[in-house]
1. Nearest-5 percent of antiparallel DSSP beta bridges in the range 62-155?
2. So which GluC sites (Glu not before Pro) in the range 64-114 pass both tests, a DSSP loop state and at most 10 other Cβ atoms within 10 Å of the Cβ?
3. Of all DSSP beta bridges in the chain, what percent run antiparallel (nearest 5)?
4. Counting only residues 5 or more places away or on other chains, whose amide H sits under 5 Å from the amide H of S34 once H atoms are built in the peptide plane?
5. Given H placed on each backbone N at 1.01 Å, which residues far from Q68 in sequence or on other chains put an amide H within less than 5 Å of it?
6. So which aspartates and glutamates can K32 reach, going by Cα to Cα under 13 Å and dropping same-chain residues fewer than 8 places off?
7. Rounded to the nearest Å, what's the spacing between the alpha carbon centres of the range 4-18 and the range 69-122? Just the number, please.
8. Read phi for every residue in the range 66-71 and hand back ³J(HN,Hα) as whole Hz from Karplus 6.51 cos²θ - 1.76 cosθ + 1.60, θ = phi - 60°, with x for Gly and Pro.
Amino acid sequence: MNAFYTFFAVAPKGMESLLVDELKALGADGVKASRSGAFFQGDLETGYRACLWLRTANRVLLPLARFQAETPEALYDGVRNIPWGEHLEPDGALAVDLSSSLSQIHHSRYGALKVKDAVVDQFRDQFGIRPSVDLSRPDIRLNVYLLRDEAVLSIDLSGESLHKRGYRDEGGPAPLKENLAAAILMRAGWPEIAARGGGLMDPMTGSGT
């Protein structure tokens, strides 16, 4: 039997309802809109399918833990309590993205450094070797969101932002992100118009569309 997970798909503010509709169309369970995204449930295949097919999302996250992190030490301890050997090889590579709002840890780079230290210290103590840091192509990318001193730590299943999945190799001077372009078309009812054989005229010819 496949394991069942709760995921969080991140989207720009104002696009949550479109994201909810997309997730339901993909067959995700427990879909619930939230600020700047939506929660949904399913197996890992559901999470990967969301990464592949969602058009309005920026990222798909797999939350691992939620804990209080009023101090750098509390953040370190909370991260170190997670069994990282289940998610990363000792000689693998990781990257950490951290954002903070209304929290005592407000320096994102310092917070990300504490998260990285907690992970690599656990491996070094258990195996005598430690993972490296690779910001461009890590084996695992961690996402930490601090809000009012509470940390939510997730695995970022997306890698880069999902709007970069597209066909575009080169952008114009003011490119429109693909997920925003998709949201505009969905709001305009374009899928239904296209199904009826209608046409589309784009007078702005934005490179995102």
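1. 55 percent
2. Passing both the DSSP loop test and the Cβ count: no residue.
3. If we restrict to bridges inside the chain, about 70 percent are antiparallel.
4. Under 5 Å from the amide H of S34 lie the amide H atoms of F39, each far enough along the sequence or on another chain.
5. Hits under the 5 Å cutoff: A151.
6. Straight-distance partners of K32: E16, D21, E22.
7. 23 Å
8. 9, 7, 6, 8, 6, 10
A short reminder: the numbers here are calculations on the coordinates, not readings from a lab. What you are looking at is a predicted structure, and each value in this text was computed from that prediction instead of being measured. Glycine also receives a Cβ, built like all others from the backbone with ideal geometry; neighbour counts cover every protein chain displayed.
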